[in-house]
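Written below as structure tokens is the structure these notes are about.
The values are calculated or read from the model by the stated rules, or taken from the named source; none is laboratory data. Just so you know, these numbers come straight off a predicted model, no measurement behind them. Here Cβ is always computed from backbone atoms with ideal geometry, including for glycine, and neighbour counts include all displayed protein chains. We work out accessible area using only protein heavy atoms, side chains counted, and drop any ligands, DNA or RNA first. Shrake-Rupley method; radii C 1.70, N 1.55, O 1.52, S 1.80 Å.
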Amino acid sequence: MSTRSNIMYQQQSGEVLSAYCHMDGYLTGVGKSLLTHYNNDKMAHKLVANGYISSIYPTIDEINIKRANKDKPIFYYDLEDAISNIDALFIEYVYLWNGKSWEVSFADSMKMPSNSYGRRKYHHYHTNFKPLLDCLNREVA
């Protein structure tokens, strides 16, 4: 099973581009690669504007050689639009280039009260964004 993520780039206008990444979405995978290879505005934009990522690699050429399809990035009007349209049941991590640095949001869930048929329901959501470097440092500590 893959650890799926979305990698987003927020433009100065507030609009957001988002690329789906199918594998290695965890902090020591995609997160570390973003900080190592895509940690400036130009590279972050180039990565997300390229679209679908099967797995992240040090160069976009490597990503393109090894990717499963060529889906374009998804456009959102703003960050609220993006987060409300990303299903936390399927996307475990959301990475955001905010114009200065990478941030990350984690998928989480909470059990809801039983409904009238006695079944439990869960509400899946993404947490608030936190600085990626801080989260990665805590992860590897």
(request) Of the numbered conditions (1) closer than 20 Å to residue 127 by Cα; (2) in a loop (DSSP other than H, G, I, E, B); (3) out of contact with any helix residue (DSSP H, G or I) (no Cβ under 8 Å at 6 or more places or on another chain), residue 13 fails exactly one; give the number of that condition. (result) (1)
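Confirm whether residue 75 is at pLDDT 95 or above, surrounded by fewer than 16 Cβ atoms within 10 Å (Cβ to Cβ) and hydrophobic (A, V, I, L, M, F, W, C).
It is true that residue 75 is at pLDDT 95 or above, surrounded by fewer than 16 Cβ atoms within 10 Å (Cβ to Cβ) and hydrophobic (A, V, I, L, M, F, W, C).
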(request) Within segment 31-83, track down each residue that is aromatic (Phe, Trp, Tyr) and farther than 23 Å from residue 13 by Cβ. (result) 52, 57
(request) Looking only at segment 86-94, decide whether some residue is more than 19 Å from residue 132 (Cα to Cα) and not in a loop (DSSP other than H, G, I, E, B). (result) no
(message) Would you confirm, using the coordinates I've provided, whether residue 81 is of a type in the set (D, E, K, R) and in a loop (DSSP other than H, G, I, E, B)?
(response) no
(message) For segment 48-63, give me each residue that is more than 12 Å from the chain's Cα centre (by Cα), part of a helix (DSSP H, G or I) and buried (at least 16 other Cβ atoms within 10 Å of the Cβ).
(response) 60, 63
(request) Could you tell me whether any residue of segment 30-45 is under 20 Å from residue 137 (Cβ atoms), touching a residue at least 40 places away in the same chain (Cβ under 8 Å), open to solvent by 70 Å² or more (accessible area, probe 1.4 Å) and assigned to a helix (DSSP H, G or I)? (result) yes
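Restricting attention to segment 104-113, does a residue exist that is of a type in the set (Ser, Thr, Tyr) and modelled with pLDDT of 95 or more?
yes
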(message) Against the condition on the phi < 0 side of the Ramachandran plot and part of a strand (DSSP E or B), how does residue 8 come out, does it pass?
(response) yes
